[in-house]
1. Any chance you could count how many residues in segment 67-84 are assigned to a loop (DSSP other than H, G, I, E, B) and either buried (at least 16 other Cβ atoms within 10 Å of the Cβ) or touching a Lys or Arg at 6+ places or on another chain (Cβ under 9 Å) (or both)?
2. State which residue is farthest from the ligand (Cβ to nearest atom) when the search covers only segment 127-149 and only residues that are of a type outside the set (A, V, I, L, M, F, W, C) and assigned to a strand (DSSP E or B).
3. Is it the case that some residue within segment 94-106 is among the charged types (D, E, K, R) and not in a loop (DSSP other than H, G, I, E, B)?
4. In this structure, does Arg64 turn out to be surrounded by fewer than 14 Cβ atoms within 10 Å (Cβ to Cβ), basic (Lys, Arg) and at positive phi?
5. If I filter segment 119-126 for residues that are within 16 Å of the ligand (Cβ to nearest atom) and in contact (Cβ under 8 Å) with a residue 24 or more places away in the chain, do I get at least one hit?
6. Pairs please, first residue from segment 78-94 and under 18 Å from Ile48 (Cα atoms) and within 8 Å of the ligand (Cβ to nearest atom), second anywhere and in a helix (DSSP H, G or I) and of a type in the set (Phe, Trp, Tyr), Cβ atoms under 9 Å, 6+ apart in sequence or on different chains.
7. Considering only segment 98-108, I want to know if a residue exists there that is without any contact (Cβ under 8 Å) to a residue 24 or more places away in the chain, over 20 Å from Leu49 (Cα atoms) and within 13 Å of the ligand (Cβ to nearest atom).
Amino acid sequence: MTRRTFLKTGLTLGLGITAKALGIMPAQAKESGRMFQVTKTDEEWRQILTPEQFRVLRQEGTERPFANKYDANKDPGTYHCAGCDLPLFSSDSKYDSRTGWPSFWKPISEKAIGTKTDWKLLHPRTEVHCARCGGHLGHVFDDGPPPTGLRYCMNSAALNFVPASAR
Ligand code: FE
């Protein structure tokens, strides 16, 4: 790295942090949309998603607790991304967190999901999105059960359940 590149990088990072602190940076998922394998315009997403799926997946919305499809689902099977159909979570790692949202202690694969820091509330949270299409899924917290101690708190609207019997 040349001295010039180093200075430029430092300046860019500095400005990035300042912009983030001021809340003027767009959401990272939107900003880095082109990095995902599956990309569509908002118009294209609206054509294949329900309004609720669009609000959650593409606008980082949160559905109501308890009044959602998969919170109480105990059937064996796989939860796929409602946007691009990538398998994300297995019923094997689903548990009742009593939060009102489907919760898992691990994803099917670390490669299936991506995370970023979400500053929408006063305290930072870790946002979770689909690694293939960037669709917002929910958040991950560190108050989950063993063996990981993690709680992947997901929106049912971001998921499509595929029963084991259907495969
Ligand atoms: Fe996806």
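1. Of segment 67-84, the ones assigned to a loop (DSSP other than H, G, I, E, B) are 67-76, 82-84.
Imposing the further condition that a residue be either buried (at least 16 other Cβ atoms within 10 Å of the Cβ) or touching a Lys or Arg at 6+ places or on another chain (Cβ under 9 Å) (or both) reduces the set to 68, 70-71, 73-74, 82-84.
Summing the residues that are assigned to a loop (DSSP other than H, G, I, E, B) and either buried (at least 16 other Cβ atoms within 10 Å of the Cβ) or touching a Lys or Arg at 6+ places or on another chain (Cβ under 9 Å) (or both) in segment 67-84 gives 8.
2. The first filter runs over segment 127-149 and keeps only residues of a type outside the set (A, V, I, L, M, F, W, C), leaving 127, 129, 132, 134-136, 138-139, 142-149.
Filter once more, keeping what is assigned to a strand (DSSP E or B): 127, 129, 136, 138-139.
Working: Glu127: 14, His129: 8, His136: 10, Gly138: 13, His139: 16 Å.
The selected residue is His139.
3. Of all residues in segment 94-106, those among the charged types (D, E, K, R) come to 94, 96, 98, 106.
Right, trim to not in a loop (DSSP other than H, G, I, E, B) and you get 94.
There is at least one residue in segment 94-106 that is among the charged types (D, E, K, R) and not in a loop (DSSP other than H, G, I, E, B).
4. On the way: surrounded by fewer than 14 Cβ atoms within 10 Å (Cβ to Cβ): yes; basic (Lys, Arg): yes; at positive phi: no.
Spelling it out, it is not the case that Arg64 is surrounded by fewer than 14 Cβ atoms within 10 Å (Cβ to Cβ), basic (Lys, Arg) and at positive phi.
5. Taking segment 119-126 and keeping what is within 16 Å of the ligand (Cβ to nearest atom), we get none.
There is no residue in segment 119-126 that is within 16 Å of the ligand (Cβ to nearest atom) and in contact (Cβ under 8 Å) with a residue 24 or more places away in the chain.
6. Within 9 Å, the pairs are Gly83/Trp45.
7. If we filter segment 98-108 for residues that are without any contact (Cβ under 8 Å) to a residue 24 or more places away in the chain, which is where we start, we get 98.
Narrowing the set further to residues that are over 20 Å from Leu49 (Cα atoms) leaves 98.
Next, from what is left, pick out any that are within 13 Å of the ligand (Cβ to nearest atom): none.
Scanning segment 98-108, I find no residue that is without any contact (Cβ under 8 Å) to a residue 24 or more places away in the chain, over 20 Å from Leu49 (Cα atoms) and within 13 Å of the ligand (Cβ to nearest atom), so the answer is no.
Just so you know, all these numbers are worked out from the coordinates, no wet-lab data involved. These numbers come from a predicted model, not from an experiment. Note that each Cβ is placed from the backbone with ideal geometry, even for glycine, and that neighbours are counted across all protein chains shown.
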